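Notes to accompany the following structure.
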Amino acid sequence: MLQQSVRREQEYPQQSSAQHEPWKEKVVYQIFPRSFQDSNGDGSGDLPGIVSRLDYIRSIGVDTIWLSPVYESPRVDQGYDIRNHREIDPLMGTMEDWEELLREMHARGMDLWMDLVLNHTSDQHRWFRQSRSSTDNPYRDYYIWRPAEPGGEPPNNWTSYLGGSAWEYDEATGEYYLRLYNKRQPDLNWDNPKVREEIQGLVRYWLDKGVDGFRLDAINVVSKDHRLPDTDESKLEGSGYKHFKNDPHVHQYLRELNEKGFSHKEGTVTVGEASMVSMEDVARYTDPDRKELSMIFMMESPSIGTDPNDSFKEREWKLPELKEIVARWEKELLNRGWFGLFASNHDHPRMVSSFGHDGKYRVESAKMLATLVHTLWGTPFIYQGEEIGMTNSPFESVDQLDDQMALHYYDSRTKRGEDAKEVESRVLAGTRDHARTPMQWTDEEQAGFTSGEAKPWMPVNPNYRGINVQAQENDPDSILNYYRKLIALRREHADVIVHGEYASLLEEHEQVFAYVRRNEQRQGLMLLNFSEKEAEFELPEDIGVCLESAYRLLGNYPAEEGAEEADMGKDSLSRTKGNVVPHVLRPYEALIIGGLKPAP
Ligand code: NOJ
């Protein structure tokens, strides 16, 4: 079907001549290295394992890899607690292995973006060991130390993302240090120019080694209001954010990091992790004239199903809310910012389990969700395993978990007297470990993730015999092959899908997500059914797409007219426009329709 549409496409006008930065057309694949591919049989994924799978990654159509941390680390937080920013963790391999990875990626025309964790370090980092050793150590001011309040209380009432005070008392010098995450992840003091110089040096170090970009962890919390005021929020986890998120100084520090770090190598691309941002904040971080970051992630949509005051509590949501978020970002940031789009990563349960249907409609819904992420304005990110529709794992007890956030949450909530069974079921549903089970390559023992005697560090999801890469390679209608078509389509129609405007339709419809992407000459119409029921809809008369000349580009149900008619009932054809735009979408159906704009 795609090929047919490609042929027809040649009859349509050429792409617009507008100049666009080439990096905006990238499609990124995120690797969580410990769970990707083990090469030495120790049960943990590693760098040589990734090298052995590069042809696979390239075959999806991806041109960039974001590699979650591989630096030396005690792994309290799976590498987001760095002990040495300039060395590779032996669990992952050696610096030579890393260099080989980079060489092999560049040989295949792929870019490597490293994950930089700059808000905090491990408590075992050389800087922190010095810092905590005495109040007059030259490294003392690399971190945020304060004396206790009279009575021994912490300096303010902020709470950490793991629950409890954000301050940790250190016996050795009798002061508190700030740590927004684990007590073993002390926050760096970005107000200290020496810290910023160290960070700039790290960025240049990796650029000199040849990396092409960075993902910047928790970047909008690095600068705290130096007065450290109490907060009036009462969240149990992460309260105080008004005083440490998007602080005005963060922009000054990022411009400096850009000038003395990122600009060291031309073409460096940066993506910041920054939650709770206004559209103005996003524009400030990513407006190219301000020279801060290339983009930040749109984190609002993947968190739509989570209670903002309690990260393990589910929240009821309706489709119009998701459409509102997407439309706001798409419209308000056009021509003044850029962002990354994702529906899953290592911090969220699996996409198809959260937003689709991981039973009967797993295949359809995984394809439908992919269609959304890859046809919006912004850079799409795929998280390992998403491209084969990997699902959440059937965890039965907190004892099976490694996720420090889940475990701390369980501990602190049960200590406060909340019902243990209820807390456990919340934690088992929301844990990040769903995303961290090993990649499912084959239907062989341990899903082809490891061949050794050692058990995988995290148990393989038992559904690997049915859900694995090998099976999907051989099936032309697999989720994997749909991703390939979708990415090829995005590249071919980059003038519209990457760079065109966004216009929302049917904003109040509770099942159908419909929108148009367009430039001066051409448009694409996307129709997505977000439910397991058939969805009827009526497009408004003037949607700016000439439906008579519209043609189907891609869909997740068979394209043959006969098949459509049979599935949709006898009168289906009378309910189509131009024969390609139906009035009913089947469960989780996704359709991409191309067309010409009617003459004014
Ligand atoms: C965000 C990372 O994605 C997450 O995995 C980590 O736990 C925190 N930042 C702390 O670094």
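Every condition in (1) under 19 Å from E492 (Cβ atoms); (2) at pLDDT 90 or above holds for K533 except the one numbered (1).
Taken together, the criteria place G163 among residues that are within 16 Å of the ligand (Cβ to nearest atom), among the small types (G, A, S) and surrounded by fewer than 22 Cβ atoms within 10 Å (Cβ to Cβ). In the stretch 119-131, the residue that is farthest from the ligand (Cβ to nearest atom) out of those that are of a type outside the set (S, T, Y) and touching a Pro at 6+ places or on another chain (Cβ under 8 Å) is Q130.
Of the residues making up the stretch 84-99, those that are away from the ligand (no atom under 14 Å from the Cβ) and buried (at least 16 other Cβ atoms within 10 Å of the Cβ) are I88, D89, L91, M92, G93, D97, W98.
Of all the listed residues (A471, A563, A559), the sole one being at pLDDT 95 or above and small (G, A, S) is A471. Among all residues of the stretch 166-177, there is at least one that is over 19 Å from H85 (Cβ atoms), within 16 Å of the ligand (Cβ to nearest atom) and touching a Ser or Thr at 6+ places or on another chain (Cβ under 7 Å). Condition check: in contact with a helix residue (DSSP H, G or I) (Cβ under 9 Å, 6 or more places away or on another chain), at pLDDT below 95 and outside the structural domain of M405 (by TED's automatic domain parsing). Does H493 satisfy that? So H493 fits the description; yes.
Residues that are in contact with a helix residue (DSSP H, G or I) (Cβ under 8 Å, 6 or more places away or on another chain), part of a loop (DSSP other than H, G, I, E, B) and not aromatic (F, W, Y) within the stretch 437-448 comprise T437, P438, M439, Q440, T442, D443, listed in sequence order. The C-beta contact set for the stretch 406-420 (first residue hydrophobic (A, V, I, L, M, F, W, C), second residue assigned to a helix (DSSP H, G or I), distance under 6 angstrom, 6+ apart or interchain) comprises A406/V427; A420/T414.
Does the stretch 546-553 contain any residue that is at pLDDT 95 or above and in contact with a strand residue (DSSP E or B) (Cβ under 8 Å, 6 or more places away or on another chain)? No, because not a single residue in the stretch 546-553 is at pLDDT 95 or above and in contact with a strand residue (DSSP E or B) (Cβ under 8 Å, 6 or more places away or on another chain). What do you reckon, is N189 over 25 Å from the mean Cα position of the chain (by Cα) and either over 20 Å from H408 (Cβ atoms) or within 16 Å of the ligand (Cβ to nearest atom) (or both)? Against the criterion (over 25 Å from the mean Cα position of the chain (by Cα) and either over 20 Å from H408 (Cβ atoms) or within 16 Å of the ligand (Cβ to nearest atom) (or both)), N189 qualifies. In the set (1) at pLDDT below 95; (2) within 16 Å of the ligand (Cβ to nearest atom), the condition left unmet by N309 is number (2). All but one of (1) more than 16 Å from the ligand (Cβ to nearest atom); (2) surrounded by 15 or more Cβ atoms within 10 Å (Cβ to Cβ) hold for D208; which doesn't? Failed condition: (2). All of (1) outside any strand (DSSP E or B); (2) within 16 Å of the ligand (Cβ to nearest atom); (3) aliphatic (A, V, I, L, M) hold for L116 with one exception: (1). Remark: S311 matches the filter, which requires a residue to be closer than 30 Å to D419 by Cα, of a type in the set (S, T, N, Q) and surrounded by 16 or more Cβ atoms within 10 Å (Cβ to Cβ). Among the residues of the stretch 328-355, the ones that are away from the ligand (no atom under 16 Å from the Cβ), touching a strand residue (DSSP E or B) at 6+ places or on another chain (Cβ under 8 Å) and not hydrophobic (A, V, I, L, M, F, W, C) come to 3 in all.
Do you know which residues across the stretch 474-485 are out of contact with any Gly (no Cβ under 8 Å at 6 or more places or on another chain) and at pLDDT 95 or above? Within the stretch 474-485, D475, P476, D477, S478, L480, N481, Y482, K485 qualify. Filtering the stretch 29-82 down to residues that are within 17 Å of N468 (Cα to Cα) and of a type in the set (D, E), which residue is farthest from the ligand (Cβ to nearest atom)? Residue satisfying both the conditions and the ranking: D55. Of the residues making up the stretch 166-189, those that are surrounded by fewer than 22 Cβ atoms within 10 Å (Cβ to Cβ), of a type outside the set (S, T, Y) and assigned to a loop (DSSP other than H, G, I, E, B) number 6. If you scan the stretch 394-433, which residues turn out to be modelled with pLDDT of 95 or more, away from the ligand (no atom under 16 Å from the Cβ) and small (G, A, S)? Within the stretch 394-433, S397, G417, A420, S425, A429 meet the criteria. Taking the listed residues L257, L228, L236, the one that is assigned to a loop (DSSP other than H, G, I, E, B), surrounded by 14 or more Cβ atoms within 10 Å (Cβ to Cβ) and touching an Asp or Glu at 6+ places or on another chain (Cβ under 9 Å) is L236, with no other qualifying. Filtered by the rule that a residue be closer than 21 Å to K360 by Cα and either in contact (Cβ under 8 Å) with a residue 24 or more places away in the chain or part of a loop (DSSP other than H, G, I, E, B) (or both), the stretch 449-469 gives N461, P462, N463, Y464, G466, I467, N468, V469.
The values are calculated or read from the model by the stated rules, or taken from the named source; none is laboratory data. Because the structure is a prediction, the values reported are computed rather than measured. Here Cβ is always computed from backbone atoms with ideal geometry, including for glycine, and neighbour counts include all displayed protein chains.
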